[in-house]
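What follows is a set of notes on a single structure, which appears directly below.
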Amino acid sequence: MLLPIVIVAFIAAFLFFVALYLGVDTVRRSPKYELKRRLQRLAKDQSAQGMPEELRAEIIREIPPLDKVLGTLPLTRDLDKKLDHAGLKITTTRFVGVTGGVTLAGFVVILLVAKSFWIALVAAVLVSLAPFAFLSVKIKQRLEKFTEEFPDALTMIARSLRAGHSFTSAIQLVGDEIPDPVGELFKTAYEQQLLGLRITESLSNLNERIESLDLRFFTTAIAINNDVGGNLSEILENLAKTIRERLKIRRQVRVYTAQGRMTGYVLGVLPVFTFVMFNILNPKYESILYKETTGIYVLTLAVILQVIGFLVIRKIIKIRI
């Protein structure tokens, strides 16, 4: 009789938490919540242009206390900006909460499996770094996608200007026609312009949402053209051509350095793979490395040298263009 009651209680609790999650997620996806997040991010960024100080202070006062605390800590001070650069629609508090939950779960699981506090602690530290590594990968992927799509956006703006459209109409066209992240950023700039911000200031604020040197060239060209005039369509077409040529050279360099990258990957993975396979096939063969103090020192030194060698190879084959 007790078992059905427990099952029903578990199902009810599970459905309650699912409903609670869906409700919170619906609120977070609403336009009102997204606008509030954008304003808070813009208010916290002191380099953002076009926002009166009175409005900035009013918005900062409405930021939740936990977000304010996380904004003062060294490890999470720039986390909100990095989340925005990665294009992730989550808050700093939620990201830190997920990271803490994953770290705690990893610590408990490894402690139960390995029955060693220090191994579980090291594993928990590595697990805690995984979300930040994922964040760095997402930032890099978003920047690469932006760089690939940005020349098409510049060409679209230049052709729209030659066709007689206004500059703001060209920005709106890019926001509607070009895929994200370029379309999303330009749509945000156009919406800010509709709310009263100057188009040059709204475009300059985009530099705070993605670390792109090409975007900075574009916004600088727009600001200079707005002050002194000139043939803006020709400037943008030349900029798009320059970016395309640089991307072409970058692809050629990746082809030329493919063998070096593969060498680095093989040299980085092969010792780890060999160590694991030997422990599976003959566990006693390498047991001295992690059972004796001298073996632990040797193994630690080997890992350090392995990491240094991988970083050196990566530095050699990484050519900035």
Tally, over the stretch 122-181, of residues that are more than 13 Å from the chain's Cα centre (by Cα) and assigned by TED's automatic domain parsing to the domain that holds ILE222: 34
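Residues of the stretch 287-317 being touching a residue at least 24 places away in the same chain (Cβ under 8 Å) and either hydroxyl-bearing (Ser, Thr, Tyr) or within 30 Å of ARG250 (Cα to Cα) (or both), which ones?
Residues of the stretch 287-317 that are touching a residue at least 24 places away in the same chain (Cβ under 8 Å), as a first pass: 302, 306, 309-310, 313-314, 316-317.
Scanning the stretch 287-317 gives GLN306, GLY309, PHE310, ILE313, ARG314, ILE316, ILE317.
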Got at least one residue in the stretch 196-206 being part of a helix (DSSP H, G or I) and without any contact (Cβ under 8 Å) to a residue 12 or more places away in the chain? no
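Among the residues of the stretch 160-183, write down those that are assigned to a helix (DSSP H, G or I) and either among the acidic types (Asp, Glu) or over 27 Å from LEU195 (Cβ atoms) (or both).
Taking the stretch 160-183 first, the residues assigned to a helix (DSSP H, G or I) are 160-162, 167-177, 182-183.
Hits for the stretch 160-183 are ARG162, ASP176, GLU177.
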Within the stretch 176-211, residues being within 17 Å of MET156 (Cβ to Cβ) and small (Gly, Ala, Ser) number 2
Check the stretch 278-286 and report whether any residue there is assigned to a helix (DSSP H, G or I) and in contact (Cβ under 8 Å) with a residue 24 or more places away in the chain. no
Please verify whether LEU111 is aliphatic (A, V, I, L, M) and either surrounded by fewer than 16 Cβ atoms within 10 Å (Cβ to Cβ) or touching a Cys at 6+ places or on another chain (Cβ under 6 Å) (or both), treating the condition exactly as stated. no
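For the stretch 215-239, which residues satisfy the criterion of being under 25 Å from the mean Cα position of the chain (by Cα) and in contact (Cβ under 8 Å) with a residue 12 or more places away in the chain?
Scanning the stretch 215-239 gives LEU215, PHE217, PHE218, THR219.
Assess whether ILE210 counts as being in contact with a His (Cβ under 7 Å, 6 or more places away or on another chain) and in contact (Cβ under 8 Å) with a residue 60 or more places away in the chain. Spell out the reasoning first.
On the way: in contact with a His (Cβ under 7 Å, 6 or more places away or on another chain): yes; in contact (Cβ under 8 Å) with a residue 60 or more places away in the chain: yes.
Against the criterion (in contact with a His (Cβ under 7 Å, 6 or more places away or on another chain) and in contact (Cβ under 8 Å) with a residue 60 or more places away in the chain), ILE210 qualifies.
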Selection from the stretch 181-229 of residues that are aromatic (Phe, Trp, Tyr) and surrounded by 18 or more Cβ atoms within 10 Å (Cβ to Cβ): PHE186, TYR190, PHE218
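Of the residues GLY101, GLY87, GLY97, only one is among the small types (Gly, Ala, Ser) and touching a residue at least 12 places away in the same chain (Cβ under 8 Å); which? Lay out the reasoning, then the answer.
Values: GLY101 fails: touching a residue at least 12 places away in the same chain (Cβ under 8 Å); GLY97 fails: touching a residue at least 12 places away in the same chain (Cβ under 8 Å).
Every option except GLY87 fails the conditions.
Provide a single number: the residues in the stretch 210-235 that are among the polar types (S, T, N, Q), farther than 20 Å from GLY164 by Cα and assigned to a helix (DSSP H, G or I). Lay out the reasoning, then the answer.
Taking the stretch 210-235 first, the residues among the polar types (S, T, N, Q) are 212, 219-220, 225-226, 231, 233.
With farther than 20 Å from GLY164 by Cα added as a condition, the list becomes 212, 219-220.
The next check asks that each one be assigned to a helix (DSSP H, G or I); those that pass are 219-220.
Total meeting the criteria: 2.
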Determine which member of the set THR263, THR300, THR294, THR274 is outside the structural domain of VAL182 (by TED's automatic domain parsing), at pLDDT 80 or above, surrounded by 12 or more Cβ atoms within 10 Å (Cβ to Cβ) and of a type in the set (Val, Ile, Thr). THR263
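The values are calculated or read from the model by the stated rules, or taken from the named source; none is laboratory data. All values derive from a computational prediction rather than experimental measurement. When we count neighbours, we look across all protein chains shown, and the Cβ atoms used for this are built from the backbone with ideal geometry, even at glycine.
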